[in-house]
1. Could you give every pair whose Cβ atoms fall below 8 Å, whose first residue belongs to segment 107-128 and is in contact (Cβ under 8 Å) with a residue 60 or more places away in the chain and under 24 Å from I295 (Cα atoms), and whose second residue is surrounded by fewer than 23 Cβ atoms within 10 Å (Cβ to Cβ) and charged (D, E, K, R), counting only separations of at least 6 or pairs across chains?
2. Considering each of V45, V50 in turn, give the residue that is among the β-branched types (V, I, T), over 29 Å from the mean Cα position of the chain (by Cα), at pLDDT 95 or above and buried (at least 16 other Cβ atoms within 10 Å of the Cβ).
3. Does V76 count as modelled with pLDDT of 95 or more, outside the structural domain of L214 (by TED's automatic domain parsing) and farther than 22 Å from P268 by Cα?
4. Can you find, within segment 74-110, the residue that is nearest to P42 (Cα to Cα) among those that are surrounded by fewer than 18 Cβ atoms within 10 Å (Cβ to Cβ) and of a type in the set (K, R)?
5. Only one of A258, A263, A220, A282 is among the aliphatic types (A, V, I, L, M), without any contact (Cβ under 8 Å) to a residue 40 or more places away in the chain and farther than 13 Å from G317 by Cβ. Can you tell me which?
6. So is I173 assigned to a helix (DSSP H, G or I), in the same structural domain as D92 (by TED's automatic domain parsing) and surrounded by 15 or more Cβ atoms within 10 Å (Cβ to Cβ) or not?
7. Can you confirm whether segment 192-199 contains a residue that is surrounded by fewer than 24 Cβ atoms within 10 Å (Cβ to Cβ), modelled with pLDDT of 95 or more, not in a helix (DSSP H, G or I) and not β-branched (V, I, T)?
8. Answer yes or no: is there a residue in segment 33-41 that is over 30 Å from L250 (Cβ atoms) and touching a residue at least 40 places away in the same chain (Cβ under 8 Å).
Amino acid sequence: MSLVDELKSAVTPRAALLVVGVLALQLLFIASYVGALHHPKPTDVPFGVVAPQPVTGPLVERLEKLPGDPLDPRAVASADAARDQILNRDIDGALIVDPVGRTDTLLVASGGGTVLSSTLEKMFTTIEGAQGRTVRTVDVAPASPGDFDGLSAFYLVVGWCVGGYICAAILAISAGSRPANPHRAIIRLGALAVYSLLGGLGGAIIVGPILNALPGSVAALWGLGTLVVFSVGAATLALQSVFGIVGIGLAILLVVVAGNPSAGGAFPLPMLPPFWKAIGPALPPGAGTWAARSIAYFKGNDMTASMLVLSAWAVVGAAVTLLMSSLKRQPETEPIAAELGETKA
């Protein structure tokens with residue numbers, strides 16, 4: 001055979017299309033991560049202002065007019081109310097103006113992201129200095145000493161997500177992307193559920209008792225981890241059922257390419273560009289990171305939306321997998337499964 005004939009035989013059109021798809025995925029990965037993280041800046045950060053009545057209005061108005069709109073300021077009745085709103089995750093910081101002295105207090109919560117809290121500190125050091133005042137910073141929800149830059153929750157969730165789609169991918173590679181019948185689909189979902197329980201527990205124990213990276217309830221983190229792993233795995237099974245082996249690439253596109261840089265891990269959501277800031281909470285990495293930080297540092301507050309997002313991914317993914325397994329189809333052989341079978345033979 002000539003070299004051209006060998007090339008045509010070795011590189012099938014399907015393989016060529018898959019390689020092109022991988023190249024596109026690679027470029028999207030670079031564009032997404034660099035686009036989201038190369039120039040972080042605060043935008044519309046929910047921020048409280050506690051000040052005497054004559055000062056509150058002008059101060060809020062002045063903060064609203066800062067160049068680049070870094071803050072979304074609102075008046076708060078008292079210092080205690082500001083602390084409560086931060087712990088409830090309604091605001092990310094607050095300035096408490098001293099009515100008699102020249103030293104004001106900045107409340108932050110580094111457990112929600114140390115980059116944001118340090119950015120607020122630098123910003124108000126400059127703002128207060130321009131007014132001839134000083135500021136002292138009080139961290140009302142500090143990151144754990146073992147949680148460098150507040151990234152442990154993010155990496156924990158990334159690990160759970162990776163486990164979810166790899167487990168689903170292995171199930172597809174070993175026995176075909178679409179389950180042969182509803183019973184097989186139930187078996188796959190059951191196996192994924194068991195894997196999710198083990199993966200959730202393992203992650204919670206590693207970041208808690210073993211490494212002391214995150215405080216908070218191990219049981220709560222276990223439950224969250226189980227849901228994160230299962231939601232990502234179920235979504236991957238569903239995509240494989242609809243699109244075949246290409247569904248694994250689509251799962252990576254959603255979870256890794258789009259989900260990880262928009263999760264608010266390296267930089268909290270208020271510091272991300274608008275596109276990533278908008279999609280992050282709707283994807284498993286973002287929902288999981290928010291919930292993990294809530295468990296670790298904010299007494300489990302403001303988790304409802306994140307848990308609903310993860311539950312929706314899990315329920316819809318399982319439902320699509322079951323639906324696709326019940327549809328009649330012509331017998332087919334998945335290329336990877338077939339190659340494995342030939343190897344065994």
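The values are calculated or read from the model by the stated rules, or taken from the named source; none is laboratory data. For clarity, every value in this text was computed on a predicted model and none was experimentally measured. Cβ coordinates were reconstructed from backbone atoms using ideal geometry, including for glycine residues, and neighbour counts include every protein chain displayed.
1. A109/D139; G112/R89; V115/D149
2. Working: V45 fails: over 29 Å from the mean Cα position of the chain (by Cα).
Every option except V50 fails the conditions.
3. Working: modelled with pLDDT of 95 or more: yes; outside the structural domain of L214 (by TED's automatic domain parsing): yes; farther than 22 Å from P268 by Cα: yes.
Criteria met by V76.
4. The qualifying residue nearest to P42 (Cα to Cα) is R74.
5. Working: A258 fails: without any contact (Cβ under 8 Å) to a residue 40 or more places away in the chain; A263 fails: without any contact (Cβ under 8 Å) to a residue 40 or more places away in the chain; A220 fails: without any contact (Cβ under 8 Å) to a residue 40 or more places away in the chain.
After applying the criteria, what remains is A282.
6. Answer is no for this residue.
7. no
8. So the first thing to find is which residues in segment 33-41 are over 30 Å from L250 (Cβ atoms), and the list is 41.
Of the ones still in play, those that are also touching a residue at least 40 places away in the same chain (Cβ under 8 Å) are 41.
Looking for residues that are over 30 Å from L250 (Cβ atoms) and touching a residue at least 40 places away in the same chain (Cβ under 8 Å), one finds at least one in segment 33-41, hence yes.
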